[in-house]
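The structure appears right after this line, and notes come after that.
The values are calculated or read from the model by the stated rules, or taken from the named source; none is laboratory data. This structure is a prediction, so every number in the text was calculated from the model and none was measured. Cβ coordinates were reconstructed from backbone atoms using ideal geometry, including for glycine residues, and neighbour counts include every protein chain displayed. Just the protein is used for accessible areas: all its heavy atoms, side chains included, with ligands, DNA and RNA removed. Shrake-Rupley method; radii C 1.70, N 1.55, O 1.52, S 1.80 Å.
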Amino acid sequence: MVNLAVDLRDERFGGDALARALAGIEAAGFSVERVAPGNDAFLAWIDEQFGGTWSSEAFAGSSIVAKRGDRFAGFATYAPRGLKFAWLRGLGAQPGVGVFGPFGVADEFRGSPIGPHLLIAALASLKEAGYAQALVPAVGHDKLITYYQQHSGARIAETFDKAQWQRRSYRTVVLASGNGSNFQSVIDGVAGGKLPLDLAMLLSNKANAFALDRARNTNIHAVALPWDRKVQSREQYDAALLDMVRREQPDLVLLLGWMHVLADSFIASFGQTINIHPAFLPLDQLRDDVGFPDGTVTPAFRGPRAVDDALAFGSTWAGASSHRITLEADRGPVLVRRPLALARGETQAEVMERLRPLEHRVLAGGIMRWVYER
């Protein structure tokens, strides 16, 4: 992987370069606009088209978007702020350096001229904002390196191996209350060398949870810790749960179908905790609704009955999100999310059958983003 640097003092970004790039998009038969960070339909389209990791980066910056009619065709984001990826801590942290990207063109419009025009427009916008250099981070394919060199004069500034962040295994505790299909996907990811985790313990608050069997079948320490309300107060149970997890000294806690609201003391003790939620959550943690690629807006469907609530609402969309936890349930920063279009008349069981593989991909993506932000 390489980080590319672009000298924004180059004449190709001066004068009327921005106006010429925008005019080039329009001359190719597209409209062009700058979108606000909170444009939900645009952000959801990014998740649908490009895999679920880029929308939060676009949300953190400014974007120029090309459209054909009412369809999004391509975009380029510039100057995202607050990103924590490890590869942004070198040149990307220097004064006068602005980050370019993410950047993408929908499959049906690849080969059109909008890509180079979007690239130049975003880089010229960085120049207008006062940056002297642009960083194009984490480019992994020779063809893309050549593309940036050809169209922007980019040069290789930093080289790194993403595998370096996978050489350590992060000690992980999993909390699950049910079948454990997401837990199984993590087990498989670890066994296949795709997730750098050391699965130290699976803890369930249900003594008959099949997740416990999955752990035992793979020699992972399995602990059943049900809450007996006849002999334990809520505070006593929460203290026992905190103590049990604390003994394992985890780097990471995963909530995979965990159906017990965690105490504030637990969240304070284990800030590195990721939850998988069967709904498409808004990137703005304060929002109670969320938009989808077709412009549909629904409630955010937080809480334990997200799929049932979506079907009861009559939503034509569902989804999955992996996010960090905070003191407010299902409102932590989103790591990865993907929308899922629903067919008319689908039952809850049918939706879940299609949603589970999506959850597995979103969960793996969220874990790897956490790793890359370490």
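Give the stretch 318-341 a look and list any residue that's surrounded by fewer than 19 Cβ atoms within 10 Å (Cβ to Cβ) and not in a strand (DSSP E or B), or say none.
Within the stretch 318-341, THR326, LEU327, GLU328, ALA329, PRO333 qualify.
Among the residues in the stretch 331-349, are any under 27 Å from TYR237 (Cβ atoms) and under 20 Å from the mean Cα position of the chain (by Cα)?
Yes: one or more hits.
Would you check if there is a residue in the stretch 275-295 being in a loop (DSSP other than H, G, I, E, B), open to solvent by less than 40 Å² (accessible area, probe 1.4 Å), at pLDDT 95 or above and small (Gly, Ala, Ser)?
Taking every residue of the stretch 275-295 in turn, at least one turns out to be in a loop (DSSP other than H, G, I, E, B), open to solvent by less than 40 Å² (accessible area, probe 1.4 Å), at pLDDT 95 or above and small (Gly, Ala, Ser).
Here is a list: PHE100, PHE183. Which entry is of a type in the set (Phe, Trp, Tyr), in contact (Cβ under 8 Å) with a residue 60 or more places away in the chain and under 30 Å from PHE42 (Cβ atoms)?
From the options PHE100, PHE183, the qualifying one is PHE100.
What number of residues in the stretch 146-194 are surrounded by fewer than 21 Cβ atoms within 10 Å (Cβ to Cβ), assigned to a strand (DSSP E or B) and not charged (D, E, K, R)?
4
Quick check: anything in the stretch 57-65 without any contact (Cβ under 8 Å) to a residue 40 or more places away in the chain, closer than 24 Å to PRO299 by Cβ and either in contact with a Leu (Cβ under 6 Å, 6 or more places away or on another chain) or part of a loop (DSSP other than H, G, I, E, B) (or both)?
The answer is no, given that none of the residues of the stretch 57-65 is without any contact (Cβ under 8 Å) to a residue 40 or more places away in the chain, closer than 24 Å to PRO299 by Cβ and either in contact with a Leu (Cβ under 6 Å, 6 or more places away or on another chain) or part of a loop (DSSP other than H, G, I, E, B) (or both).
Counting only residues that are under 16 Å from LEU340 (Cβ atoms) and not charged (D, E, K, R), how many does the stretch 283-296 have?
5
Looking at the stretch 95-106, which of the residues that are of a type in the set (Gly, Ala, Ser) and closer than 10 Å to GLN133 by Cβ is surrounded by the most Cβ atoms within 10 Å (Cβ to Cβ)?
Once the filter is applied, the top-ranked residue is GLY98.
Checking ASN208 against (1) of a type outside the set (A, V, I, L, M); (2) in contact (Cβ under 8 Å) with a residue 12 or more places away in the chain; (3) open to solvent by 30 Å² or more (accessible area, probe 1.4 Å); (4) over 22 Å from ALA364 (Cα atoms), which single condition isn't satisfied?
(2)
Given the criteria in contact (Cβ under 8 Å) with a residue 60 or more places away in the chain and either outside any strand (DSSP E or B) or polar (S, T, N, Q) (or both), does GLY82 qualify?
So GLY82 fails the test.
When you go through ALA134, ALA138 one by one, which is the residue that is open to solvent by 20 Å² or more (accessible area, probe 1.4 Å), aliphatic (A, V, I, L, M) and assigned to a strand (DSSP E or B)?
Selected residue: ALA138, the only one of ALA134, ALA138 that is open to solvent by 20 Å² or more (accessible area, probe 1.4 Å), aliphatic (A, V, I, L, M) and assigned to a strand (DSSP E or B).
Taking the options ALA207, ALA240, ALA200, ALA222, name whichever one is in a helix (DSSP H, G or I) and at pLDDT 95 or above.
ALA240
Do any residues in the stretch 310-330 that are free of Cβ contacts under 8 Å to residues at least 60 places away in the same chain and among the polar types (S, T, N, Q) have Cβ atoms under 6 Å from those of residues that are crowded, with 21+ Cβ neighbours inside 10 Å and assigned to a loop (DSSP other than H, G, I, E, B), where the two are at least six apart or on different chains, and which pairs are they?
The qualifying pairs are SER321/LEU281; THR326/GLY332.
Would you say GLY92 is touching a residue at least 40 places away in the same chain (Cβ under 8 Å) and either surrounded by fewer than 24 Cβ atoms within 10 Å (Cβ to Cβ) or part of a helix (DSSP H, G or I) (or both)?
Here the answer is yes, as GLY92 does meet what is asked.
Those residues that are in contact with a helix residue (DSSP H, G or I) (Cβ under 8 Å, 6 or more places away or on another chain) and either open to solvent by 30 Å² or more (accessible area, probe 1.4 Å) or polar (S, T, N, Q) (or both), I need them from the stretch 302-317; list them, please.
Correct list: ASP308, LEU311.
Just the residues that are part of a helix (DSSP H, G or I), open to solvent by 50 Å² or more (accessible area, probe 1.4 Å) and either among the aliphatic types (A, V, I, L, M) or free of Cβ contacts under 8 Å to residues at least 40 places away in the same chain (or both), please, taken from the stretch 344-374.
ALA349, GLU350, GLU353, ARG354, PRO357
Identify the single condition in (1) touching a Pro at 6+ places or on another chain (Cβ under 8 Å); (2) closer than 20 Å to LEU18 by Cβ; (3) small (Gly, Ala, Ser); (4) open to solvent by 30 Å² or more (accessible area, probe 1.4 Å) that ALA60 does not satisfy, given that it satisfies every other one.
Only one criterion in (1) touching a Pro at 6+ places or on another chain (Cβ under 8 Å); (2) closer than 20 Å to LEU18 by Cβ; (3) small (Gly, Ala, Ser); (4) open to solvent by 30 Å² or more (accessible area, probe 1.4 Å) is unmet by ALA60, namely (2).
Select, from GLU48, GLU26, the only residue that is touching a residue at least 24 places away in the same chain (Cβ under 8 Å) and either open to solvent by 30 Å² or more (accessible area, probe 1.4 Å) or within 25 Å of PHE160 (Cβ to Cβ) (or both).
Matching residue, one of GLU48, GLU26: GLU48.
Could you please give the count of residues in the stretch 296-317 that are part of a loop (DSSP other than H, G, I, E, B) and closer than 16 Å to ILE46 by Cα? Please lay out each step first, then the result.
Filtering the stretch 296-317 for residues part of a loop (DSSP other than H, G, I, E, B) gives 296, 300-305, 314-316.
Then drop every residue that is not closer than 16 Å to ILE46 by Cα, which leaves 296.
Qualifying residue count for the region: 1.
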